[in-house]
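See structure below.
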Amino acid sequence: MINQSFFANRRQSLAEQLSDNSAAIIFSAHEKTRSNDTEYLFRQDSTFYYFTGFNEPEAVLVLVKKDNGLQIILFNRDKDEIQEIWHGRRLGQAAALEKFDIDQALSVDELSDKLPELIAGCDTIYHDFFDDNDEFVDGLLEALKANPDCKKTCQLSDLRVISDEMRLFKQSPELAVMREAAKISSAAHTRAMQQCKAGMYEYQLEAEILHHFAMNGARFAAYNTIVGGGENACILHYTENESTLNDGELVLIDAGCELHGYAADITRTFPINGQFSAPQKAIYELVLKAQIAAIKLLVPGNTIKQANDAAIEIMIKGLMELEILNGDVRKLIDDEAHRAFYMHGLSHWIGLDVHDVGDYGGKKRTRVLEPGMTLTVEPGLYFSAKPEIDAKWHNIGVRIEDDILITANGNEVLTKDVVKTVDEIEALMSGAN
Ligand code: GLY
Ligand code: MN
Ligand code: MN
């Protein structure tokens, strides 16, 4: 668990990066209706959480940086006896002031009245340009400009330029949480391998995974769990998880828990009956070779693009050896021949969001890696039952995904506890059976 002084330090660090005479406005997430009067379980906005550690909806954090210093104000819900009996506890303003290192806690009901006063005279207002509070912020800006005491030049600036960059570099208390999330998720995948039997339903393996998460302190999955047997493994974001698991086929599980807000993201692919067939093994070992080569290259000074290019070259050469691709290797690489079978990216940042924020250095992902960054490594090959592909490869979908931390000297594989070689998987599954 990350303590409050850590969140307070982040607010100070944010304030240092704001321009003089400015304000930053950071909104909590909203509750979302699932159906009629039933809500999804609340999930806090990641950036709001990053700067507060506060887990209630209807809250707004405001930093005002003027000549006379920094003011930090939290707007949050009032205490309310009836609402708290029906729907749960609310911190209220008095406890918020005590708990958080802030200057004022005000009722969120007063936001429209008090916020314009607080930020009057600011030259710049920072907020997230891509959240769903634009209407409120635009109204606020108009109100400020209409005020004769205020300058007409007040500008909006995208907070994410600062906050995303902060979130990209993980500090040691967050890394401790991410290591634990990775450990729990690794053990959940191990459990799924041990419990898997032909004839089970995909949702039953999902239940094994979610059971392990919850029993180990991670009540939520970081994203919807994918359990795809056979041809379903070739649907990248398959989440129906409703089919039976057939003897002789592979199953692909992409699952990670969320712990104290932080995600893990692991994929393992294994034979439902515990033994790889020759074609399954050939594809699996090719993906694994590409993944291991990519992990070696994901070190300070290199880029995701370099690692992805290496993974693609290995996979294209391997596909030629298996006679799935034919022709000139350079031309196949230039023509992106892998795209028919490997149609997603190699890596994404991971943190408070599974697909975390942070600049990638453009579409080609040429940002130079630095210590403190955390990312996934997830090559895959997928062969749906297309007539142009030899039937022996049909319905083989393999992805192998680990989470890594870039360190000063290389990287640390956070998800190393779950096995991934053919021999290790077969040994684990035969021991369990
Ligand atoms: N689980 C989603 C992904 O691997 O990106
Ligand atoms: Mn991923
Ligand atoms: Mn994944």
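The values are calculated or read from the model by the stated rules, or taken from the named source; none is laboratory data. This structure is a prediction, so every number in the text was calculated from the model and none was measured. Counting neighbours? That spans all protein chains shown, and the Cβs are built from the backbone with ideal geometry, glycine included. Remember, those area values only see protein heavy atoms, side chains included, never the ligands or the DNA or RNA. Shrake-Rupley method; radii C 1.70, N 1.55, O 1.52, S 1.80 Å.
Some values worked out for this structure:
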{"item": "Convex hull of the stretch 69-180 built on C-alpha atoms - directionally averaged projected area, nm²", "result": "10.1 nm²"}
{"item": "The chain: most fluctuating residue of ASP128, ASP356, ASP37 per GNM, C-alpha cutoff 10 Å", "result": "ASP37"}
{"item": "Sparse-neighbourhood loop sites, GluC sites (Glu not before Pro) in the stretch 190-261 - DSSP loop, at most 16 other Cβ within 10 angstrom", "result": "GLU240, GLU242"}
{"item": "Accessible area, probe 1.4 Å, largest first, for residues VAL418, VAL357", "result": "VAL357, VAL418"}
{"item": "Per-residue HN-Hα couplings for the stretch 297-309 [Karplus 6.51, -1.76, 1.60; θ = phi - 60°; Hz; x = Gly/Pro]", "result": "8, 7, 9, x, x, 8, 10, 4, 4, 4, 5, 5, 4"}
{"item": "Highest-first arrangement of 47-53, 386-392, 323-329, where packing means the average Cβ count within 10 Å", "result": "47-53, 323-329, 386-392"}
{"item": "Spatial separation of Cα centroids for the stretch 69-144 and the stretch 284-333, in angstrom", "result": "50 Å"}
{"item": "Equivalent ellipsoid semi-axes - Cα gyration tensor, the stretch 176-297, angstrom", "result": "23, 19, 12"}
{"item": "Net length gained if the chain between THR366 and ALA146 were fully extended (0.36 nm per residue, minus Cα distance)", "result": "74.8 nm"}
{"item": "Accessible area per residue in Å² at 1.4 Å probe, computed on the stretch 307-396", "result": "47 Å²"}
{"item": "Count of lysine pairs in the stretch 219-374 with Cα separation under 24 Å (8 or more residues apart, or interchain)", "result": "19"}
{"item": "Within the chain, helix-based [θ] at 222 nm, where runs of 4 or more DSSP H residues each add -39,500 (n - 2.57), nearest 500", "result": "-11500 deg cm²/dmol"}
{"item": "Three-way shape call for the chain based on the alpha-carbon gyration tensor, with the a/c threshold at 1.5", "result": "prolate"}
{"item": "Cα long-axis angle, helix 202-215 against the chain (0 to 90 degrees, to the nearest 10)", "result": "50 degrees"}
{"item": "Most to least accessible of ARG160, ARG10 (protein chains only, probe 1.4 Å)", "result": "ARG160, ARG10"}
{"item": "Sequence of MET215, MET343 from largest to smallest accessible area, 1.4 Å probe", "result": "MET215, MET343"}
{"item": "Candidate aspartates and glutamates - alpha carbon under 18 Å from LYS392, same-chain residues fewer than 8 apart omitted", "result": "GLU231, ASP247, GLU249, GLU285, GLU321, GLU323"}
{"item": "Amide H contacts of ILE396 (H built 1.01 Å from N, under 5 Å, at least 5 apart or other chain)", "result": "PHE383"}
{"item": "D (Stokes-Einstein, µm²/s), Kirkwood Cα radius, the stretch 362-433, 0.692 mPa s at 37 °C", "result": "213 µm²/s"}
{"item": "Using alpha-carbon coordinates, inclination of helix 172-195 to the longest axis of the chain, degrees", "result": "40 degrees"}
{"item": "Accessible area per residue in Å² at 1.4 Å probe, computed on the stretch 149-197", "result": "43 Å²"}
{"item": "Packing rank of 315-321, 166-172, where each peptide gets the mean count of other beta carbons within 10 Å, highest leading", "result": "315-321, 166-172"}
{"item": "Computed E for ALA385/ASN55 - FRET, C-beta separation, R0 30 angstrom, nearest 0.05", "result": "0.05"}
{"item": "Nearby lysines by direct alpha-carbon distance to LYS145 (threshold 28 angstrom, same-chain neighbours under 8 apart not counted)", "result": "LYS65, LYS66, LYS114"}
{"item": "Positive-end extreme of charge dipole, the stretch 66-211 - chosen from ASN133, TRP86, GLY199 (charges on Cβ)", "result": "GLY199"}
{"item": "Hz values of 3J(HN,Hα) by residue in the stretch 229-246 - Karplus curve (6.51, -1.76, 1.60), Gly and Pro given as x", "result": "x, x, 4, 5, 5, 8, 9, 4, 10, 5, 10, 4, 6, 10, 8, 7, 9, 9"}
{"item": "Carbon and sulfur %, accessible surface of the stretch 232-333 computed with the full protein complex present, 1.4 Å", "result": "50 percent"}
{"item": "In Å², nearest 10: area of HIS338 left accessible to a 1.4 Å probe", "result": "10 Å²"}
{"item": "Probe 1.4 Å, protein heavy atoms only - accessible area per residue of the stretch 211-257 in square angstrom", "result": "44 Å²"}
{"item": "Dipole magnitude (debye, nearest 20) for the chain, charges at Cβ of Lys, Arg, Asp, Glu", "result": "1100 debye"}
{"item": "Accessible area of the stretch 38-116 belonging to carbon and sulfur atoms, whole % at 1.4 Å probe", "result": "47 percent"}
{"item": "Estimated distance in nm for a label pair at PHE130 and GLU242, the labels positioned 7 Å out from Cα along Cα-to-Cβ", "result": "3.1 nm"}
{"item": "Within the stretch 1-152: Cβ-based charge dipole about Cα centre, in debye rounded to nearest 20 (Lys, Arg +1; Asp, Glu -1)", "result": "440 debye"}
